[in-house]
1. With the condition being touching a residue at least 60 places away in the same chain (Cβ under 8 Å), I'd like the helices (runs of 4 or more DSSP H) fully within the stretch 398-458 carrying at least 1 qualifying residues.
2. Residue under question is residue 363, and the condition is that it be among the hydroxyl-bearing types (Ser, Thr, Tyr) and either in contact with a His (Cβ under 6 Å, 6 or more places away or on another chain) or under 22 Å from residue 77 (Cα atoms) (or both); does it hold?
3. Against the conditions (1) under 23 Å from residue 252 (Cβ atoms); (2) of a type outside the set (A, V, I, L, M); (3) touching a residue at least 40 places away in the same chain (Cβ under 8 Å), where does residue 71 fall short? Just the number, please.
4. Pull out all pairs, ordered by first then second residue, where Cβ-Cβ is under 8 Å, the residues are six or more apart or on different chains, the first lies in the stretch 103-119 and is closer than 23 Å to residue 66 by Cβ, and the second is among the β-branched types (Val, Ile, Thr) and assigned to a helix (DSSP H, G or I).
5. Being surrounded by fewer than 22 Cβ atoms within 10 Å (Cβ to Cβ), assigned to a helix (DSSP H, G or I) and not aliphatic (A, V, I, L, M) narrows it down to one residue among 116, 109; which is it?
6. What are the pairs, 6+ residues apart or on separate chains, where a residue within the stretch 42-67 that is closer than 25 Å to residue 90 by Cα has its Cβ under 6 Å from a residue that is surrounded by fewer than 20 Cβ atoms within 10 Å (Cβ to Cβ)?
7. So in the stretch 227-246, with the set limited to residues that are assigned to a loop (DSSP other than H, G, I, E, B) and either of a type outside the set (Val, Ile, Thr) or under 13 Å from the mean Cα position of the chain (by Cα) (or both), which one is surrounded by the most Cβ atoms within 10 Å (Cβ to Cβ)?
8. Restricting to the stretch 401-435, name every residue that is in contact with a Ser or Thr (Cβ under 7 Å, 6 or more places away or on another chain), surrounded by fewer than 20 Cβ atoms within 10 Å (Cβ to Cβ) and not aliphatic (A, V, I, L, M).
Amino acid sequence: MKIRTNLLIVLSCFVFALLPSQDLLAQSKKRKKKDYDPPSKFGLFYTNLTAHYNGYFNANELYLGLVDQTNSSYKDNYTEVLPIFPYLEILENQKSGGKLDEAIKKLGKVIERHRKSDWVDDSYLLMAKCYMMNGDFAAAEESLLFLEQDYSPEAVKKRYSRSKKGRDLAKKERDKARKEREQARKNKGKDSKEEEKPDNYFLKHRPVDQDADMTLALLYNFLDRPEDATILYSKLERDSKTFKNILTDLEVVKAYGALRVKNHPKAIEHLKNSIEQKYGRKEDRARLAYITAQLLQKQNDIVGATEYFALAKKMTQNYDLIFYAALNELQYKYDQSQISYSQVVKELNAMAKDRKNNEYVGSILFAEGKIHLKEKEIDQAIAAFSKAVQESGDSFFKKEAYSLLADLSFSNDDFVNAKNYYDTTLTFMTEEDEDYSVLKLRRDNLIEIAQLITEIEMQ
């Protein structure tokens, strides 16, 4: 009897010991099932708050800090077409070497711990941008595609529809939307058809699936996959629910894509659209206006180029951009005979004497040399170019100045100086530059004759 009693006690303890484990298992199954339930209002508020400020915010600060640092390290060459996104120009040649691994880790925690938060899709989008900055383009593409597949508003609704709570909530939303449509039809007349508009997210968290499509289009352009980018353009433009700011930003992405394939007329069209639609900050639009002017210049549209240089100058506080826009504007006025030769030289001299322009004197002398060249004043042109290359400060013009000095020296049968100037020109170039092989050939053809002349002079 005693043995039976002890056995019962042991069995009871064993059963009670099992109960917590069984309860935890049930809770675990219940949690998995609850993943398909939409969160309560308070639950959503709490998980949004913690997801945003415990992880996403800090990761975003790390990302923006690196983008700003990368953009600041890029030295704009105002004598060539400026890049729309400077950080992508650096990224193409130099990866950030995993500097955003910490941000990616923080975003992973947000996604893991706050699956029902509104910030999960934002986290996937930011994670993709961090992967891009780290140079892991395959991971960036994968993150953006997964976001679209699992966290678009349609995908979230479909997931929640698998639970009764989710179905009930979806039915309420459908009924509300149906009543609003019926009321709108009554107000507008029975025969009128109301065009579907973007959803209103006033005081609500807006999903980022459209931003993801636009970022993916930018990535495809960067990876030289314009056909894939074009599919995403069409998707966003066909959807009447695409937000206005997304369509504006898309114009800039399309301009970037057009520049990648050297389709300058299309790039000009999209840049003009983005400026008219007030893309980004005023400084951003000033940069786009300057790029537009440069591209119009390449199309020999001097009137259009002058207009957009003036617009860029008006919208910016960046003195580099103001100076080069003013210098180009002055040259174009001379080219269009709006001002005389003596007037343009006088204006250039005044710019050179202005203390604010001390570091730009070389560029001013170079511009003056080109005007002398146009007037066929070869000696004055050579003198101006020679002074320009001796100036410190900006050196963007020096490659072209040395190249012109080489050509002019060759025309004057000064083969030794021509060869030396071509040598110097090549030091400002890389083998990838379009005219590198042509200038190198000219230099190579002069080596023997320059050496022979030097030897004769020494004798």
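1. Working: elements: 398-411, 415-427, 436-458.
The helices (runs of 4 or more DSSP H) meeting that bar are 398-411.
2. Numbers: among the hydroxyl-bearing types (Ser, Thr, Tyr): yes; either in contact with a His (Cβ under 6 Å, 6 or more places away or on another chain) or under 22 Å from residue 77 (Cα atoms) (or both): yes.
When the stated conditions are applied, residue 363 passes them.
3. With respect to (1) under 23 Å from residue 252 (Cβ atoms); (2) of a type outside the set (A, V, I, L, M); (3) touching a residue at least 40 places away in the same chain (Cβ under 8 Å), residue 71 is out only on (3).
4. 110/120; 111/120; 119/110
5. Working: 116 fails: assigned to a helix (DSSP H, G or I).
Of 116, 109, the one residue that is surrounded by fewer than 22 Cβ atoms within 10 Å (Cβ to Cβ), assigned to a helix (DSSP H, G or I) and not aliphatic (A, V, I, L, M) is 109.
6. Qualifying pairs under 6 Å: 66/99.
7. The initial filter retains those residues of the stretch 227-246 that are assigned to a loop (DSSP other than H, G, I, E, B), namely 239-243.
Still in the running and either of a type outside the set (Val, Ile, Thr) or under 13 Å from the mean Cα position of the chain (by Cα) (or both): 239-241, 243.
Details: 239: 15, 240: 9, 241: 11, 243: 17.
Once the filter is applied, the top-ranked residue is 243.
8. Result: 417, single match.
Since every read-out is calculated from the coordinates, none of them should be taken as a lab result. Just so it is clear, the structure is predicted and the values come from calculations on it, not from any experiment. No Cβ is skipped: glycine too gets one built from the backbone with ideal geometry, and neighbour counts run over all protein chains shown.
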